[in-house]
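Quick note: the coordinates plus some simple rules give every number you see, no bench work behind them. No experiment lies behind these values; they were computed from the predicted model shown. Counting neighbours? That spans all protein chains shown, and the Cβs are built from the backbone with ideal geometry, glycine included.
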Amino acid sequence: MKQQGKDLGLCLCTVCRQLNGSDDSHCSRCGSELHVRDYSSLQKSWALLITAAILLVPANLYPITVLTNQGKVRHDTIFSGIIHLVQSDMFPIAIIVFIASILVPWVKIIGLATYLCAISFNLPISKKKLMVGFHIIEWIGRWSMLDLFVISLTVALVNMGQLLDAKPAPAATAFALVILLTQLAAKVLDTRLLWDRLENQDDTN
Ligand SMILES: [Zn+2]
């Protein structure tokens, strides 16, 4: 049986990392409020994640860029933009856009939803799978800037052309919010809730 801080009567301050007794209500060093476990973080995380999932609909259905080429206006959604890149023989860029705009947001939303379900409903998912997934989500988090990189790259590439003008369209706002909200949903979750569940489960998978 592994011992946790709370079994030893200890509670870590989330602000300054000072160790306090689990009976203390405020940190002895910085005075912040102490929580042995932040169960409300689960609700906040769910709320942010569901909002992100809803915003994913307009982000994919509405045009994300407006291109003006010699007076012709072209509206592209994320998907039609990728098709357009493939047809224009810009295959490597199409792959980057696909990963940044479709794969990454979906993996993040599905991954986070799996964690929240695992904690909320005690799903029978093995320790190993949850751990591997947790590291994948963490690793993907570092790549969220890729979306911004892709947008600036696309605009730079397009503006190199003569009479071409690229502007972000309504879906760009929704898309930026999806990225922001999934980041926040992962950030607000008290991960100690996940470890609690893993420690209780005696699986060897
Ligand atoms: Zn503190």
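The trypsin sites (Lys or Arg not before Pro) of the stretch 1-110 that DSSP puts in a loop, and whose beta carbon has at most 16 other beta carbons within 10 Å, are Lys2, Lys6, Arg17, Arg29, Arg37. Sorted largest first, the principal axis extents computed over the alpha-carbon atoms of the stretch 13-59 equal 47, 17, 12 Å. Across the stretch 36-49, rounded Karplus estimates of 3J(HN,Hα) from the backbone phi angles (6.51 cos²θ - 1.76 cosθ + 1.60, θ = phi - 60°) give 5, 9, 9, 6, 5, 5, 5, 5, 4, 4, 4, 4, 5, 5 Hz, Gly and Pro being marked x. For the residue pairs Lys108/Lys187; Lys72/Lys167; Lys44/Lys187; Lys6/Lys44, the C-alpha atoms sit more than 18 angstrom apart in Lys6/Lys44. Calculated translational diffusion coefficient of the stretch 1-149 (4 °C, 1.567 mPa s; Stokes-Einstein with Kirkwood radius over alpha-carbon pairs) equals 67 µm²/s.
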